[in-house]
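**Student:** Below is the structure I would like to discuss, written out as structure tokens.
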Amino acid sequence: MQRFAWTGHSSQGTTSGTIEASHASAAAEALIGRGITPLTIRAASPSGDAGGGGAGSGSGGGDAMTTLRSWLPADLFDKKVDPVDLLVFSRQLNTLLRAGVPILRALMGLQETATSDKMKTTLAEVRRSLESGIALSMSLAQHPRVFDNFYIALVRVGEMTGRLDEIFLRLFHHQEFELFMRQQVKSALRYPSFVVSAMVAAIVVINVMVIPAFATVFQNAGVTLPLATRILLATSRFTLDYGAFLLLGAGAAVVVLRAWIATPEGRLRWDGWMLRIPVAGKIVRKAMLARFARSFSLSLKSGVPISQALTVVAQTVDNQHIARRIDGMRESVERGESVLRAAAVTGIFTPVVLQMLAVGEETGAIDELLEEVCDLYNNEVQYELKTLSAQLEPILIVFLGVLVLILALGVFLPVWDLGRTAFAK
């Protein structure tokens with residue numbers, strides 16, 4: 001037995017460790033059985049470090065560079081692959097494989113015709129890995145920013161079943177669905193984002209330019225100002241005196257919030273809060289259920305066992321709160337409980353999903369019924385997104401009305417009082 005140092009992806013994020021196996025492929029299979037998608041597997045030295053490392057007596061400059069890289073995000077200067085490029089890649093590879101083109105020749109052709117430099121580089125590295133004898137799924141797993149866990153898991157199933165062409169067609173439809181959902185969300189949030197941005201800009205302009213002009217007049221009048229006016233003057237003065245600190249504080253708060261969300265505990269709490277937001281929470285929940293149903297159905301249709309399919313789905317659901325519940329569902333299934341009972345205990349599924357799972361277990365057609373669940377919630381999410389602007393419009397109108405009321409009371413009440421005083425004299 002040999003010891004290997006590995007890094008991989010699980011439902012909790014990136015992880016690493018060591019494992020004993022007869023060879024690297026056996027180590028990869030053992031990690032996959034644990035629900036971990038391996039990224040790198042290297043022979044470990046007797047001390048437990050990964051083999052192949054050079055002597056540690058390098059210059060101090062190298063140590064400084066390593067320290068700097070550890071502080072910076074790994075993908076700071078790394079260009080992302082556009083989802084459309086990956087969508088086209090899946091469709092073209094399906095066509096080439098179905099036509100009988102060998103995988104290496106197909107990848108070479110796709111590399112030459114790719115419009116994205118990042119995609120060209122990725123395909124070149126995947127092709128070199130294949131030429132060195134590494135399986136396609138393992139070659140793709142070395143590029144987690146391009147191919148996610150769900151993509152890699154289905155490619156691995158295609159390798160085992162000899163149906164890679166069908167797998168890439170299913171991945172194409174899955175990516176098409178995901179891209180459509182993202183576009184719907186962006187379209188729905190465009191109008192509310194514009195209105196909120198305009199309100200924030202208006203508040204800043206009023207506090208910095210408008211109210212200071214009135215402040216001089218009010219102070220010279222020597223009269224008692226209404227409460228609303230005093231609030232406006234104090235807010236404007238605070239903005240002028242501490243505006244830079246407010247911007248720095250807001251920027252620091254965003255950085256701290258993102259760092260906290262990047263932690264496992266912070267991401268879990270944040271995703272749980274996202275499901276409880278008054279208007280958007282129900283849309284997020286329905287979208288997650290649609291994604292769960294589609295991913296689970298696609299995995300089962302591709303021949304993935306139920307427990308492994310749940311592991312894959314937990315890694316691909318973009319919500320750690322739901323992913324933890326799906327992990328618990330997988331553990332219950334592995335203990336021998338039915339899928340229906342395991343799903344009911346999680347508390348995240350609606351009665352519609354539970355009824356479909358019950359019928360699916362009785363008829364042996366869980367994959368087909370889950371696909372209907374996906375279509376159902378997909379249609380509901382589309383309707384919710386189309387009416388999102390109408391749902392947010394009353395809230396925005398109320399905030400805008402309150403803002404106008406405060407400004408009107410704060411500016412015009414003292415002007416009116418001054419006018420009455422002048423007429424009285």
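**Student:** For the stretch 309-315, just list the computed ³J(HN,Hα) in residue order, Karplus coefficients 6.51, -1.76 and 1.60, θ = phi - 60°, integers in Hz, with x standing in for Gly and Pro.
**Tutor:** My calculation for the stretch 309-315 gives 4, 5, 4, 5, 5, 4, 6 Hz in order.
**Student:** I'd like to compare 248-255, 382-389, 143-150: which one has the highest average count of other Cβ atoms within 10 Å, and what's the full order after that?
**Tutor:** 143-150, 382-389, 248-255
**Student:** Still on this structure, I have one more. Of the listed peptides 173-180, 286-293, what is their order by residue-averaged count of other C-beta atoms within 10 Å, with the highest listed first?
**Tutor:** On the way: 173-180: 16.5, 286-293: 23.4.
Ranking, from highest mean packing down: 286-293, 173-180.
**Student:** Using a cut-off of 16 Å between alpha-carbon atoms, which aspartates and glutamates can reach K386, once sequence neighbours fewer than 8 places away in the same chain are excluded?
**Tutor:** Output for K386: empty list, no partners.
**Student:** What distance in nm lies between label points placed 7 Å from Cα along the C-beta direction at A201 and F245?
**Tutor:** 2.9
**Student:** Hey, what do the phi angles of the stretch 319-335 turn into as Karplus ³J(HN,Hα) couplings, whole Hz, using 6.51/-1.76/1.60 and θ = phi - 60°, x for Gly and Pro?
**Tutor:** Couplings: 7, 5, 4, 6, 4, 5, 5, 5, 4, x, 4, 4, 4, 5, 5, 5, 7 Hz.
**Student:** In whole Hz and in residue order, list the ³J(HN,Hα) couplings for the stretch 274-290 that follow from phi through the Karplus curve 6.51 cos²θ - 1.76 cosθ + 1.60, θ = phi - 60°; x for Gly and Pro.
**Tutor:** 4, 6, 10, 5, x, 9, 7, x, 5, 5, 4, 5, 5, 5, 5, 5, 5
**Student:** Modelling each spin label as a point 7 Å along the Cα-to-Cβ direction, I'd like the V255/R335 distance in nm, to one decimal.
**Tutor:** About 4.5 nm separates the two model spin labels.
**Student:** Follow-up question, since we're still on this one. Suppose every Lys and Arg Cβ carries +1 and every Asp and Glu Cβ carries -1, with no other charges. What dipole size does the stretch 280-386 come out with about its Cα centre, to the nearest 20 debye?
**Tutor:** Magnitude of the dipole: close to 400 debye.
**Student:** List the aspartates and glutamates whose alpha-carbon lies under 12 Å from that of K118, not counting same-chain residues fewer than 8 positions away?
**Tutor:** Partners found: D78, D82, D85.
**Student:** Just the number, please: Stokes-Einstein D of the stretch 235-387 in µm²/s, Kirkwood Rh from C-alpha pairs, 4 °C, 1.567 mPa s.
**Tutor:** Values: Rh = 17.4 Å.
Rounded, D is 75 µm²/s.
**Student:** Any aspartates and glutamates with Cα under 13 Å of the K301 Cα? List them, leaving off those in the same chain fewer than 8 positions away.
**Tutor:** Answer for K301, where 13 Å is the Cα cut-off: E166, D367, E368, E371, listed by chain and number.
Values in this text are rule-based calculations from the coordinates and carry no lab data. Here the structure is a predicted model, which is why all the values come from computation and not from measurement. Here Cβ is always computed from backbone atoms with ideal geometry, including for glycine, and neighbour counts include all displayed protein chains.
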